[in-house]
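Structure, as C-alpha cells:
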Amino acid sequence: MQKIALYVCIQLLFCFGAAWAQPGQIAVPRVDLMPNQPAPYNIRDWKEVALKYDSFVYDLSHTGQYLPLSFLNPAGVNYPQMQTFRLHTYVGTNSPFGNEAINVMPSLVGASLVGLDKSSQFGRNWVRMSQDFFNKNNGENLYLNAPSTSSGNDWWYDMMPNVYFYQLYDLYPNIGGEADWQFTTIADRLLSAVRAMGGSEAPWAPAYMNYRAWRFSTMEPNANGVPEPGSRRRFRLAALSRLERNGQSRIPQRSGVVYRISQ
C-alpha cells in the first residue's frame, strides 16, 4: 500500500510540474530562421562509436605511447580476494595509477546498453571487479570516486558512482559478489543522510540540501564553496531505481522516504 501511495505521490509531482510549466514556446526570431530538418543531415553512429571505444580501452594487449589504457590489479582495496582493474581517465595522464569511478563505471554502463556483456568479456568480469569502488574498508559504505577516499568534498563526485552502480545492478541482477548487500546499504546511508539534513516523514519535512557536499562518515554538511542543491535529484534518482526492484519489501519503504523528503 505504501508503495502504491509513493507512486501516486510521484505522479502528482509530475502533474504539478506540468501545471507550473511554461504554457507555450516563446518565438525567437533568429531561431525561427533555422530549418526544422537540416539538409544534408548526417548523424554519427553512436552505437558504433561506443563499441569501438570499449574494444579499444579494454584491450590489455595494446602497445604504444600511452597504451594500454586499462590495467589489472592483483587484489582490490576493499575486496583483496578479488582481482580488480583501473582505467586511465584521459590519455597521457600524469597519474598512471589513478582510477576514477566516474570514468570506469559509466563506461561499463554504456557498453552494456549497446549490447556488450561486461560480465564476461576478454575472459574477465569487469562489472564484478568494479565493486572495489564501494568504500567498505574505511567505513564510508558508499561507492565513491576512488576505492579508498572520503565523502564530503563534492556532491557530484560522491553521488554519481552510486547512480552508476544502480544502473549496473539493474543491468546485471545476478552479478554476485556483495552487490545485494551494497544495494541495501546505500539505501540505508541515503536515508540516514536525508534525516540528518532535517528530512522527516512524520511529520513531513523536506531535507535541507543546499550544501557543497555531505560527509557521510560523520553525517555532517560541507557548507564551504559553491552549494550544489541539485544533488537532491541524484538522491531521488537512486530512490526511484530502488523502487523498481521487485521482491525486496524493505527497500521500497526506504526509497519512498528518501524520495519524498529529499525534495
Quick one: order Ser107, Ser120 by neighbouring beta-carbon count within 10 Å, fewest to most.
Ser120, Ser107
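Return Val226, Val127 ranked ascending by Cβ neighbour count within 10 Å, so the fewest neighbours appear first.
Going from sparsest to densest Cβ surroundings: Val226, Val127.
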Gain in span if fully extended, Asn137 to Trp181, counting 0.36 nm per residue against the direct Cα distance
14.4 nm
Of all alpha-carbon pairs in region 24-136, indicate the percentage at a distance above 23 angstrom.
43
Counting only residues 5 or more places away or on other chains, whose amide H sits under 5 Å from the amide H of Ala146 once H atoms are built in the peptide plane?
Ala101
Estimated vicinal HN-Hα couplings, Hz - region 173-189 in sequence order (Karplus 6.51, -1.76, 1.60; Gly, Pro = x):
x, 10, 5, x, x, 10, 4, 5, 5, 4, 4, 6, 5, 4, 4, 5, 5
Tyr90-Ala202 FRET efficiency (beta carbon distance; Förster radius 35 Å; 0.05 resolution):
0.15
Extension gain from Asp188 to Trp46, taking 0.36 nm per residue of separation minus the Cα-Cα distance
47.4 nm
Inter-label distance, nm, simple model (7 Å from Cα along the C-beta direction), Thr218/Ala39:
6.5
Would you kindly state how much longer the chain becomes between Asn103 and Asp117 on full extension, computed as 0.36 nm times their sequence separation minus their alpha carbon distance, in nm to one decimal?
3.2 nm
Residue-ordered couplings for region 152-166, obtained by feeding phi - 60° into the Karplus form 6.51 cos²θ - 1.76 cosθ + 1.60 and rounding to whole Hz (Gly and Pro as x), are x, 9, 7, 3, 4, 5, 7, 8, 4, x, 6, 4, 5, 4, 4
Rounded, prolate or oblate: which fits region 89-219, taking a ≥ b ≥ c as square roots of the Cα gyration tensor eigenvalues, rounded meaning a/c under 1.5, else prolate when a/b beats b/c?
prolate
Counting other beta carbons within 10 Å of each residue's own, what order do Trp155, Trp204 fall into, fewest first?
Trp204, Trp155
Send over the Kirkwood Rh of region 169-229, from the inverse of the averaged 1/r over different Cα pairs, rounded to one decimal Å.
13.3
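Every number here is computed from the coordinates shown, using simple stated rules; none is lab data. Everything quoted here is computed from the prediction, not taken from an experiment. Counting neighbours? That spans all protein chains shown, and the Cβs are built from the backbone with ideal geometry, glycine included.
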